[in-house]
Amino acid sequence: ARARAPSGPARPIAEAPPNDPPRQDRTAPTHPHPPSQVGILTAGGLAPCLSSAVGFLIEKYTLADPSIEIICYASGYKGLLSGDSTVVTPAIREQASAFQLHGGSPIGNSRVKLTNVADCVKRGLCREGEVPLEVAAQQLKRDGVTILHTVGGDDTNTQAAKVAEYLKANGYPICVVGLPKTIDNDVIPIKQSLGAWTAAEEGAKFFANVVNEMSANPRMLIIHECMGRDCGYLTAATAKAYCDSLTGLPFVPGLGLCRQKKSIHAVYIPELAIDIEQESARLKKIMDKYDCVNIFLSEGAGVKDIVAELEAKGETVERDAFGHVKLDKVNPGAYFAKQFAAKLGAEKVLVQKSGYMARAAPANVADRALISACCTLAVECGLKGSSGCIGQDEERGDVLREIEFDRIKGGKAFDTTQVWFQDMHAAVNAIN
């Protein structure tokens, strides 16, 4: 480790990557000087792509030029600010393929916003009077890093771009190439962010066991809460994967083992309005008939209304360093459980969250294919000195390319007009 110097589904869910890598943009300019050192960091929340991406980046740089030194910063921007990094040794390079079998991040994550000076000082990541962006930039300069790879969401990648801008303005150009990580698949203008397919598949596996709790008590209400702040993609994709898993499964309706009891009876996402009274009347009929109700809920569904209600009562709603509402403090699952329980006459309510299991899983086959293609292009861009966030650009014909950082934004809404969602949602609402 290095110390800082003082002071200073997949496939049925959405279009999985084809056997051939996605089309790529090859117009990146040639870097005037060969790179001396590569830095890698992962940041933000976990997703089933971080370990895979780190492994692929190490492998692909080793194949391109084994003399290039690679260092990994510990715990994302926290490690960059403190100068905590590890050199990738020849032994690590030889074992890099092992990262494909693991979830989480081998080099650690943290949620740090470099432009939030007060938060960085409060957490001891920089001293009073220091500017985190400058501290991070100077650390990269001391380490001799000329290519920085960031694996994270929109905030992670735009923060890296700010570091690059600072260094360029101060005579030390650096190439920053990001990889888009988010299980919500909510990065503009990226068609499919890394890890989202796996998270949906794992969430469906999670609920395949949880749904059996419907037999634990009469009139059982189960709410499966999926991650997703502003985007309902993960909830919708998880529901689709779970519904598909019921196909071909044998049932014995004569003894109460019927498909309707294991089915999803409602899917609530931020993009669709929820009429509590109307839904309660519909779901009570299902409860009366099948003795259970199973709901898939995006944790972002109805959050604005919940926050407004809490603030109207004079309560303070906690937010993170990025200004996002802390969803675990708002607790949408408990809110909707309270709304529905009495109206449905539920005797027992169970709220289960699959997010932590889903986001910590190893990448599945479809995600690994996409991650590999993205890392191949990321290394090419790094060697050419072309900065950007790698992804299939929805505004450029879905071409896999380095997308300009100033076009990267969060909060992309899920497109509810897609046929697979419309069909699945109609089937769920048709159960009676």
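Going by the conditions given, is E94 open to solvent by less than 60 Å² (accessible area, probe 1.4 Å), more than 25 Å from the chain's Cα centre (by Cα), charged (D, E, K, R) and farther than 18 Å from A360 by Cα? In short, no. Exactly one residue out of D288, D275, D230 is under 30 Å from V54 (Cα atoms), open to solvent by 50 Å² or more (accessible area, probe 1.4 Å) and out of contact with any helix residue (DSSP H, G or I) (no Cβ under 7 Å at 6 or more places or on another chain), and it is D230. Which one is most open to solvent (accessible area, probe 1.4 Å), of the residues in the range 162-179 that are among the hydrophobic types (A, V, I, L, M, F, W, C) and more than 14 Å from I403 (Cα to Cα)? Once the filter is applied, the top-ranked residue is A169.
Restricted to helices (runs of 4 or more DSSP H) entirely inside the range 293-348, those with at least 2 residues that are acidic (D, E) and at pLDDT below 85 are 303-312. Only one entry in I174, I190 is modelled with pLDDT under 95 and of a type in the set (V, I, T), namely I174.
For the range 195-215, a residue qualifies if it is open to solvent by less than 10 Å² (accessible area, probe 1.4 Å) and more than 17 Å from A360 (Cβ to Cβ), and exactly one does: V211.
Residues of the range 121-145 that are open to solvent by 40 Å² or more (accessible area, probe 1.4 Å), more than 26 Å from C175 (Cα to Cα) and not acidic (D, E): K122, R123, G124, R127, G129. Residues of the range 99-120 that are farther than 12 Å from T42 by Cβ, open to solvent by 30 Å² or more (accessible area, probe 1.4 Å) and of a type in the set (A, V, I, L, M, F, W, C): L101, V117, A118.
Q159: open to solvent by less than 20 Å² (accessible area, probe 1.4 Å) and part of a helix (DSSP H, G or I), yes or no? So Q159 fits the description; yes. Among the conditions (1) open to solvent by 10 Å² or more (accessible area, probe 1.4 Å); (2) outside any loop (DSSP other than H, G, I, E, B); (3) under 20 Å from K285 (Cβ atoms), the only one that C243 does not satisfy is (3).
Are there any pairs, at least 6 apart or on different chains, whose C-beta atoms fall under 8 Å, with the first in the range 400-427 and farther than 19 Å from D154 by Cα and the second part of a helix (DSSP H, G or I) and open to solvent by 70 Å² or more (accessible area, probe 1.4 Å), and if so, which? Listed by first residue and then by second, the contacts come to T416/Q422; W420/P12.
Residues of the range 102-148 that are under 29 Å from P66 (Cβ atoms), part of a helix (DSSP H, G or I), out of contact with any helix residue (DSSP H, G or I) (no Cβ under 8 Å at 6 or more places or on another chain) and not acidic (D, E): Q138, R142. Residue check: is S51 outside any loop (DSSP other than H, G, I, E, B), within 22 Å of the chain's Cα centre (by Cα) and not charged (D, E, K, R)? Yes, satisfied. Out of V87, V54, one residue alone is at pLDDT 95 or above, surrounded by fewer than 19 Cβ atoms within 10 Å (Cβ to Cβ), of a type in the set (A, V, I, L, M) and within 13 Å of V38 (Cβ to Cβ). It is V87. Scanning the range 349-406 for residues that are surrounded by fewer than 18 Cβ atoms within 10 Å (Cβ to Cβ), in contact with a strand residue (DSSP E or B) (Cβ under 7 Å, 6 or more places away or on another chain) and in a loop (DSSP other than H, G, I, E, B) gives D398, E404.
The values are calculated or read from the model by the stated rules, or taken from the named source; none is laboratory data. These numbers were taken from a predicted model, which means no experiment stands behind them. With ideal geometry, Cβ positions are generated from the backbone for all residues, glycine too; neighbour counts draw on all protein chains shown. When the accessible area is computed, the model is the full protein with side chains, heavy atoms only, and any ligands, DNA or RNA have been set aside. Shrake-Rupley method; radii C 1.70, N 1.55, O 1.52, S 1.80 Å.
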